[in-house]
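The values are calculated or read from the model by the stated rules, or taken from the named source; none is laboratory data. Since the structure is predicted, the reported quantities are computational estimates derived from the model, not experimental observations. FYI the Cβ positions are ideal-geometry reconstructions off the backbone, even for glycines, and counts take in every protein chain you see. What goes into the accessible areas is simple: the full protein's heavy atoms, side chains included, and nothing from ligands, DNA or RNA. Shrake-Rupley method; radii C 1.70, N 1.55, O 1.52, S 1.80 Å.
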Amino acid sequence: MKLKKLSSVLLASAMVISLAACGSGDSGKEESGGNADEAAEAITSIDQLEGKTIGVQTGTTGDIYVTDEFGEDSVERYNKGFEAVQALQQGKIDAVIIDNEPAQVFVNENEGLKILDEAYTEEEYAIAVSKDNTELTEQLNEALKALKDDGTFDAIFDYYISGEGEAYTVDETVERDGELVMATNAEFPPYEFHETVDGEDMIMGVDADVARAICDYLGKELVIEDMQFDSIITAVQSGKADVGFAGMTVTEDRLKSVDFSDTYCTARQVVIVKE
């Protein structure tokens, strides 16, 4: 499978941000936002977020952390990260808290935005699995270890994060027995996003290609189901999906509902503001 380099991903993300209609927050607040238009001083530190209106993607750890720290009245929720970024550009909110790699994509392709130097929080990504499927969790851990040991894992990350090397190519010689259904939210570049490949709309990115490599290792056919982020855990619990693979952070609350594979990535939440 021949894929475009990361630059095409960034350009596509920029086009979506520029052309998409502005998303409204789920909280039901008025469209004027909170304090964005009133703020006379640029935000240069996390300490200045108190009393500001902060955009987050619904159901993410950013949503959880911001609500816990600053309160419900400070949060403006969006179904997609780029919708929060667009609201920031339009002066409807004061800041966006989101994972670092997607933040880099949004800031690189949109003038007038920056990421604060200080990370808001650090966290670990893993694959969500039903608590009833311990065998699959063990298989995923075995596959992740093998992919890290043979360099496949690093090669996938280098391609999407640094734009180096070649894209992962599915091994067409593998004999497959059954499917692995992956629930994701393909609005999170460079981890998962839509891209046209040979005229076909496909979900690409770090998580998607790691899932393809896992399926090559396990001898499974990968099926990707794109859905709202806050529906992924429910999909795994109900059996609609085998795994939740979407830059998902391991949290105590999520561990009450699902199990997780071994950690495959250490990430951080960052703050996007206007320059």
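Of note:
- Meets criteria (open to solvent by 50 Å² or more (accessible area, probe 1.4 Å) and either in contact with a helix residue (DSSP H, G or I) (Cβ under 6 Å, 6 or more places away or on another chain) or not in a loop (DSSP other than H, G, I, E, B) (or both)) for Glu135: yes
- Residues that are part of a helix (DSSP H, G or I), open to solvent by less than 10 Å² (accessible area, probe 1.4 Å) and in contact with an Asp or Glu (Cβ under 8 Å, 6 or more places away or on another chain) do not occur anywhere in the stretch 182-190.
- In the set Glu72, Glu83, only one residue is touching a Cys at 6+ places or on another chain (Cβ under 7 Å) and of a type in the set (Asp, Glu); that residue is Glu83.
- Breaking point among (1) open to solvent by 20 Å² or more (accessible area, probe 1.4 Å); (2) within 19 Å of the chain's Cα centre (by Cα); (3) under 30 Å from Leu49 (Cβ atoms), for Thr249: (1)
- Count - residues of the stretch 216-242 that are open to solvent by 30 Å² or more (accessible area, probe 1.4 Å) and either under 21 Å from Asp171 (Cα atoms) or in a strand (DSSP E or B) (or both): 9
- Yes/no for Gly62 being crowded, with 21+ Cβ neighbours inside 10 Å, touching a Pro at 6+ places or on another chain (Cβ under 9 Å) and under 22 Å from Thr234 (Cα atoms): no
- Checked against (1) assigned to a loop (DSSP other than H, G, I, E, B); (2) in contact with a strand residue (DSSP E or B) (Cβ under 9 Å, 6 or more places away or on another chain); (3) of a type outside the set (S, T, N, Q); (4) surrounded by fewer than 13 Cβ atoms within 10 Å (Cβ to Cβ), Glu164 passes all but condition (2).
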